[in-house]
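Here is the structure we will look at.
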Amino acid sequence: MLSAINLPGYEITEVIDEGLSTIIYRGVSQLHKQNVILKVLAAEYPTLEQIARLKHEYILTGSLDLEGIVKVLRLENHQKRLILVLQDFGGISLKKFLCTEISIEYFVSIAVQLARALVSLHTHHIIHKDIKPSNIIINPQSGQVKITDFSIASRLDKETPQSTNIMSG
């Protein structure tokens with residue numbers, strides 16, 4: 001896996017997470033002068049499934065502009081690597097955030113925002129399929145909550161029933 005990468009046009013400021021197939025970086029787009037999150041396929045030679053998931057995430061959420069969803073800005077190709085460029089609103093995963101003590105009021109605020117985001121997704125006929133604390137992002141200063149990682153999400157109108165023995169996400 002890569003822990004540091006050189007991406008022309010971006011200044012990498014932090015490695016946020018290193019998963020099995022992706023690495024998430026925080027950085028600055030020098031061209032657009034904006035803070036961004038970069039989701040990069042970790043493998044030098046990713047599988048077709050890994051490539052398809054990243055492209056799927058871009059296609060499914062690239063046109064969405066919903067308050068409770070991390071905005072996808074663009075899909076780029078650098079040095080034969082696909083990179084999903086996302087909005088950075090200064091958040092951390094709920095998984096990391098829950099290590100701190102919060103009031104019941106703050107907890108309820110998070111829960112309400114999350115519920116609203118899910119309603120908004122479902123209104124747009126999207127099923128996330130992988131809601132978990134590491135895919136919920138919260139800005140500790142503003143309290144803003146957003147959902148991310150739509151790599152296995154699907155549209156309701158395109159979902160076909162599967163065997164009940166198969167689970168994803």
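Here are the numbers:
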| item | result |
| --- | --- |
| Added length on full extension, which subtracts the Cα-Cα distance from 0.36 nm per residue, ILE131 to ILE92 | 12.5 nm |
| Cα gyration tensor, segment 92-158 - rounded (a/c under 1.5), prolate or oblate | prolate |
| Dipole magnitude of segment 10-87 about its Cα centre (Cβ charges: Lys, Arg +1; Asp, Glu -1), debye to nearest 20 | 220 debye |
| Gain in span if fully extended, HIS122 to ASN6, counting 0.36 nm per residue against the direct Cα distance | 38.0 nm |
| GNM result for the chain, Cα springs below 10 Å: residue of THR47, THR148, THR22 fluctuating most strongly | THR47 |
| Residue-averaged [θ]222 nm for the chain, counting only DSSP H segments that reach four residues, each worth -39500 (n - 2.57) | -7000 deg cm²/dmol |
| Kirkwood-Stokes translational diffusion coefficient of segment 1-95, alpha-carbon pairs, 25 °C, 0.890 mPa s, µm²/s | 180 µm²/s |
| Theoretical gain in end-to-end length, TYR45 to ALA111 [0.36 nm per residue, Cα-Cα removed] | 19.8 nm |
| Share of alpha-carbon pairs per 5 Å distance bin for the chain, given as whole % | 1, 8, 17, 20, 20, 16, 11, 5, 2, 0 |
| Listed pairs LYS39/LYS132; LYS33/LYS71; LYS39/LYS80; LYS39/LYS71; LYS33/LYS132 exceeding 21 Å between Cα atoms | LYS33/LYS132 |
| Burial ranking of peptide ranges 12-21, 60-69 (average Cβ count within 10 Å, highest at the top) | 60-69, 12-21 |
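Read the figures in this text as sums done on the coordinates, not as results from a lab. Model, not experiment: these values are computed from the prediction. Here Cβ is always computed from backbone atoms with ideal geometry, including for glycine, and neighbour counts include all displayed protein chains.
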